[in-house]
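The values are calculated or read from the model by the stated rules, or taken from the named source; none is laboratory data. The model shown is predicted, which means the values in this text are computed figures rather than measured ones. Note that each Cβ is placed from the backbone with ideal geometry, even for glycine, and that neighbours are counted across all protein chains shown.
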């Protein structure tokens with residue numbers, strides 16, 4: 001197991017960086033390209049492991065067994081995609097993937113007419129998938145409070161179904177910006193949809209083929225907001241970001257103001273700068289931006305700011321149980337994340353985080369590694385399994401070096 005000793009920069013940070021394309025947008029456009037049947041050009045593709053896995057699987061469809069490894073989005077999107085393809089496919093993944101629920105998506109696809117069999121545990125990967133014989137119905141319902149990726153997968157195959165698709169969403173919709181992203185990207189390729197009153201209607205249509213530019217990844221950018229919050233006099237310029245972004249995690253620009261970080265757009269460049277403004281507490285519902293909850297938690301701990309969270313329930317079924325992982329690792333810096341009410345969490349914290357050469361575990365979760373890395377500004381830290389960042393942001397450690405961080409692999 002690799003260990004990374006991380007030391008913060010001694011001088012002010014003033015750097016320009018280019019982060020790879022959004023993983024979320026890339027994976028959606030890759031699926032749309034496959035469904036369109038035309039190999040149109042995609043610019044600024046994500047270089048994340050997840051997107052590379054998806055590209056490789058699409059490029060080699062002569063195989064029978066498809067291994068998605070840790071890539072949850074890839075698994076969910078390909079489950080829907082293979083339901084429409086010829087032949088029998090087996091879709092599998094890592095040990096963690098086999099513990100991430102897929103049942104609601106499978107149930108919905110079966111209702112449409114797909115033939116899907118669980119090969120191990122009911123409701124979980126791996127799957128044996130055979131194609132539709134005939135579409136049974138266009139009307140389905142699905143729980144909306146587990147993963148928006150299930151709904152996005154169904155939406156994207158909808159135009160390829162002879163009857164189209166009508167989806168009734170049951171319960172509170174989690175990560176709504178990701179669903180809105182899906183529908184907007186579909187519209188970029190000529191697909192008309194209607195989403196209102198917990199109902200989505202998509203008729204049978206054809207995807208247009210066109211060259212597509214992928215915006216850089218806001219989830220990856222969030223760690224640089226944390227760095228600017230913890231390091232005074234920071235200036236970090238990020239390229240290929242849009243002020244009118246499709247990505248829900250662009251909300252970090254507003255959140256970060258509470259932690260002394262200001263942002264300025266200039267065309268497709270984003271300047272992140274430290275200032276002296278800080279709040280004493282931060283209250284936020286992460287139901288729409290779950291992927292930056294860890295970043296904000298660690299940033300708040302480093303700044304000595306009390307937090308009051310809700311909307312974290314989807315963190316239980318991510319790459320790891322992110323709530324439990326956060327609790328375990330924050331304790332190492334004398335910060336306790338406790339549940340105060342149903343789905344409400346807060347810090348039981350007095351003063352600032354205490355950095356005394358902590359060793360942080362990452363739980364095979366890329367976001368755990370990157371969320372805790374900025375704490376090196378406050379004192380030396382050690383991160384186990386630092387290579388996990390390749391899942392979404394392979395250049396992360398190189399970018400920290402450019403800022404002046406010192407890295408030593410043990």
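Condition check ((1) part of a helix (DSSP H, G or I); (2) within 27 Å of residue 183 (Cβ to Cβ)) across all residues:
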residue: 12; (1), (2): no, no
residue: 30; (1), (2): yes, yes
residue: 47; (1), (2): no, yes
residue: 51; (1), (2): yes, yes
>> For a quick check of your reading: which strands (runs of 3 or more DSSP E) sit entirely within the stretch 257-312 and have at least 1 residues that are closer than 24 Å to residue 215 by Cβ and touching a helix residue (DSSP H, G or I) at 6+ places or on another chain (Cβ under 6 Å)?
In response: 261-266, 269-274
>> So, in the stretch 364-410, how many residues would count as being over 18 Å from the mean Cα position of the chain (by Cα), part of a loop (DSSP other than H, G, I, E, B) and over 21 Å from residue 321 (Cβ atoms)?
In response: 6
> Has the stretch 115-134 got any residue that is modelled with pLDDT under 95, assigned to a helix (DSSP H, G or I) and either touching a helix residue (DSSP H, G or I) at 6+ places or on another chain (Cβ under 8 Å) or crowded, with 18+ Cβ neighbours inside 10 Å (or both)?
Replying inline: no
> within 22 Å of the chain's Cα centre (by Cα) and at pLDDT below 95 - does that describe any residue in the stretch 184-207?
Replying inline: no
> Can you pull out the residues in the stretch 75-100 that are part of a helix (DSSP H, G or I), closer than 17 Å to residue 63 by Cα and within 18 Å of the chain's Cα centre (by Cα)?
Replying inline: 75, 78
> From the list 238, 173, which one is assigned to a strand (DSSP E or B) and either buried (at least 20 other Cβ atoms within 10 Å of the Cβ) or modelled with pLDDT under 95 (or both)?
Replying inline: 238
>> As an exercise: evaluate residue 187 against (1) free of Cβ contacts under 8 Å to residues at least 12 places away in the same chain; (2) buried (at least 18 other Cβ atoms within 10 Å of the Cβ) and give the number of the one condition it does not meet.
In response: (2)
>> Given the condition in contact (Cβ under 8 Å) with a residue 60 or more places away in the chain and crowded, with 23+ Cβ neighbours inside 10 Å, answer yes or no: does some residue in the stretch 82-90 qualify?
In response: yes
